[in-house]
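Please treat every number below as a calculation from the coordinates, not as lab data. Predicted model only: the values in this text are computed from it and were never measured. In this analysis, Cβ positions are derived from the backbone assuming ideal geometry, glycine residues included, and neighbour counts consider all displayed protein chains.
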Amino acid sequence: MPNSSSASPRFARAALLITLTALLGWYFAPELLYRISQADAAPREVTPRGELNAEEQSNIDIFERWKASVVFISTSERVVDFWTRDVMSVPRGTGSGFIWDDRGHVVTNLHVISGAAEANVRLADGRDYPASLVGVSAAHDIAVLRIRVPVDPPSPVSIGTSHDLRVGQKVFAIGNPFGLDWSLTTGIVSALDRSLSGDGSNVVQQHLIQTDAAINPGNSGGPLLDSAGRLIGINTAIYSPSGASAGVGFAVPVDTVNRVVPQIIATGHYAPPSLGIETDDVLSREIARQLGVSGVAVVRVRPSSPAARAGLRGVRAGPRNTIIPGDVILEVEGKQVDRSALLNARLDDFEVGDTVKLKVWRDGKELVVAATLQRGEGEASR
């Protein structure tokens, strides 16, 4: 009969060995199994996606339909090498544009090409063409270029309307933000009839479309489209303390574009409706301080102009080098004006041949005069 005292330690050692073996197996088994399974590695089965939803398909359709009508614009300037005195062409900036018609006209923002000596237009299929400048409108930040595409030119964008836009409508922006070519962003019409003043307040852009579609540097000059794929504006500016998109972008409305661009193509410049007067904001502020009225002082009335026919009066020289104020224009068709740029923008709402009512301050009284607008000589003429 075995000695029970000697069997007990053997049993304990066996139990410990079994326990250690089990622990080691538990610890190393997963790694061993993983090593074995590596030999059988294969692609995973793909989960079927199903159909794209209607909104996704609409986004895709609009982008694929109009991508070819959007262009990438790069500009360069000429500089003189300090050492060799050779004239060199160096890159200046990039932006976007779109095909306007089947004659090769490309519409973009003026600030995209401003200060450049050369502009190059790249199509979505990679073809590059040098662009010539047709004309500009500084008052609307619009420039028209022209390229010659001998074979298979891109289709012009479809033209929509902007006077019937409503806040909440879906919009699409196609452009080249930060040089990332042919990008699509979406959003809605956030607000209508916004106004922006240019540098130095020399220009006031009116009736702008505000959108939350992401618009960044490089998107400028690109098209803003509605859900039917029609052009409703030109992306022109962003509100951004940091320089990047903050969800507040602005576009020149297509109704303005469709009025200005044909005139630029036909004549090389935009000549707005004009009263035929000369104004001066410094003088206007001084007269406003003296008379206690806010408006635009008429400095000079051109002979045979609409203003002359309406009886408007300019300033006159008085005794001892004094200035006798003439008329001060307070309102155009009931809308106030307090500087020349705003007066110009108000007049631009009308067509040549329209008769507008002007509220003016004359000799301490307010009166209303009517003037029939004529075509100005250029954007400096009003």
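Full-extension gain between D152 and N258, please, as 0.36 nm times their residue separation minus the C-alpha to C-alpha distance.
Full extension from D152 to N258 adds 35.7 nm.
For segment 99-113, what does the Karplus curve 6.51 cos²θ - 1.76 cosθ + 1.60, with θ = phi - 60°, yield as ³J(HN,Hα) per residue in whole Hz, taken in order and with x for Gly and Pro?
Computed from phi, the couplings for segment 99-113 are 6, 8, 8, 8, 9, x, 6, 10, 9, 8, 7, 4, 5, 5, 10 Hz.
Express the relative contact order of the chain as a whole percentage, based on alpha carbon pairs under 8 Å and six or more residues apart in sequence.
Reported relative contact order: 11 percent.
Could you give the radius of gyration (one decimal) and Dmax (whole number) of the Cα atoms in the chain, in Å?
34.3, 147
Between D61 and R35, what FRET efficiency comes out of the Förster formula 1/(1 + (r/R0)^6) with R0 = 41 Å and r the beta carbon distance, rounded to 0.05?
My answer for the efficiency is 0.25.
Of E45, E118, E64, how do they rank once you tally other Cβ atoms within 10 Å and put the fewest first?
If I rank by nearby Cβ atoms, fewest first, I get E45, E64, E118.
If you find the alpha carbon centre of segment 50-81 and of segment 103-130, how far apart are they in angstrom?
14
For segment 273-375, take N as its residue count and report Rg(C-alpha) divided by 2.2 N^0.38 Å.
Rg over 2.2 N^0.38 Å, computed on Cα atoms: 1.00.
Ignoring chymotrypsin sites (Phe, Trp or Tyr not before Pro) that are buried or in helix or strand per DSSP, and keeping those with at most 11 other beta carbon atoms within 10 Å, what is the longest stretch of the chain between them?
84-382
Tell me which residues come under 5 Å, amide H to amide H, from I142 once H is placed; ignore anything under 5 positions away on its chain.
L110, S137
Work out the count of Lys pairs in the chain where the Cα-Cα distance is under 23 Å, with the pair 8 or more places apart or on different chains.
Value for the chain: 5.
Pull out the extension gain between V368 and R309, defined as 0.36 nm times the separation in residues minus the alpha carbon to alpha carbon distance; nm, one decimal.
19.8 nm
Which percentage, to the nearest 5, of the DSSP beta bridges contained in the chain is antiparallel?
Looking only at bridges with both residues in the chain, the antiparallel portion is about 95 percent.
Can you tell me the length gained on complete extension of the stretch L133 to E77, counting 0.36 nm per residue apart and subtracting the Cα distance?
18.7 nm
Given H placed 1.01 Å from N in the peptide plane, which residues other than close sequence neighbours of H207 have an amide H under 5 Å from its amide H?
Counting only residues 5 or more places away or on other chains, the set is R194.
With each pseudo-label sitting 7 Å past Cα toward Cβ, what's the D102-D164 distance in nm, one decimal?
My value for the distance between the label points is 2.6 nm.
Quick test of the membrane-span-like rule: which DSSP H helices of the chain reach at least 20 Å along their long axis (C-alpha atoms) with mean Kyte hydropathy at least -0.5?
Membrane-span-like by this rule: 4-38.
Within 10 Å of each residue's Cβ, count the other Cβ atoms and sort V203, V157 from fewest upward.
Fewest to most other Cβ atoms nearby, the residues stand as V203, V157.
Sorting L184, L231, L347, L16 on the 10 Å Cβ count, fewest up front, what's the list?
Ordered by Cβ neighbours within 10 Å, fewest first: L16, L184, L347, L231.
What is the set of long-range amide H partners of V171 at a cut-off below 5 Å, with H atoms built 1.01 Å from backbone N?
Answer set, sorted by chain and number: G187, I188, V189.
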